[in-house]
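Before any comments, here is the structure.
The values are calculated or read from the model by the stated rules, or taken from the named source; none is laboratory data. Computed from a prediction, not measured in an experiment: that's the story for all the values here. Don't worry about glycine lacking a Cβ; one is built from the backbone with ideal geometry, like all the others, and counts go over all protein chains shown. For the accessible areas, the whole protein counts, side chains as well, though only heavy atoms, and no ligand, DNA or RNA atoms are used. Shrake-Rupley method; radii C 1.70, N 1.55, O 1.52, S 1.80 Å.
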Amino acid sequence: MNNEPSSVVTVEQFVTALIQNSPNTPSTDNYLQYGYDSGWLEDMDITGKDEALLRKNAARIIHEFMRIELQESDLADVSCASKLRDLYDCRVCAKHIMQLYSKGIMEGFYASDTLYLFGLKEAITTVEVSAIISRVFYTNQRFSNQN
């Protein structure tokens, strides 16, 4: 993946875009505090709000947002995520990544002909944000990974 510095999204920018696209936008302009109080953001998201958002953290934020705000259930079968060779590089992140990959919200990529990765430590770009947010709220835009 090639992320140009100018296209990298911060945690705060991502959270703002996520909430502003939500059908249930809260009546506050402090979206970070709202997410923290609601339980889908963590301390590190608040203190690191101006840092580039990594894919592993985006997966956690989105998964918790979907569970808490959208009340979307987790998939029972996430076996298609086992093809992501870096899935367990962050064991804490794995459950979030498995859900978002299996639901067709976040994609993986080929680092070589045989190495398929999620890219845990890659920064999220503005292009990805738009696609990801669309897939969160519009299930018909999700891709199929259930092969």
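Looking only at the stretch 118-130, which residues are within 11 Å of the chain's Cα centre (by Cα) and more than 16 Å from C93 (Cβ to Cβ)?
Once the filter is applied, which keeps residues that are within 11 Å of the chain's Cα centre (by Cα) and more than 16 Å from C93 (Cβ to Cβ), the stretch 118-130 yields E128, V129.
Could you check the stretch 92-147 and list, in sequence order, the residues that are in contact (Cβ under 8 Å) with a residue 40 or more places away in the chain, farther than 28 Å from N24 by Cα and of a type in the set (A, V, I, L, M, F, W, C)?
Matches in the stretch 92-147: F109, F118, L120.
Would you please name the residue that is farthest from W40 (Cα to Cα), looking only at residues in the stretch 136-146 that are open to solvent by 50 Å² or more (accessible area, probe 1.4 Å) and in contact with a helix residue (DSSP H, G or I) (Cβ under 7 Å, 6 or more places away or on another chain)?
Q146
Are any residues in the stretch 66-102 open to solvent by 80 Å² or more (accessible area, probe 1.4 Å), among the aliphatic types (A, V, I, L, M) and assigned to a helix (DSSP H, G or I), and if so, which ones?
Result: V92, single match.
Which residues, taken from the stretch 103-135, are part of a helix (DSSP H, G or I) and surrounded by fewer than 19 Cβ atoms within 10 Å (Cβ to Cβ)?
The answer is T126, V127, S130, A131, S134.
Within the group L41, L87, L100, which residue is more than 16 Å from N145 (Cβ to Cβ) and aliphatic (A, V, I, L, M)?
Residue meeting the stated conditions: L41.
When the stretch 58-84 is examined, which residues are found to be more than 17 Å from I133 (Cα to Cα) and in contact with a Phe, Trp or Tyr (Cβ under 6 Å, 6 or more places away or on another chain)?
Listed by number, the residues that qualify are A81, K83, L84.
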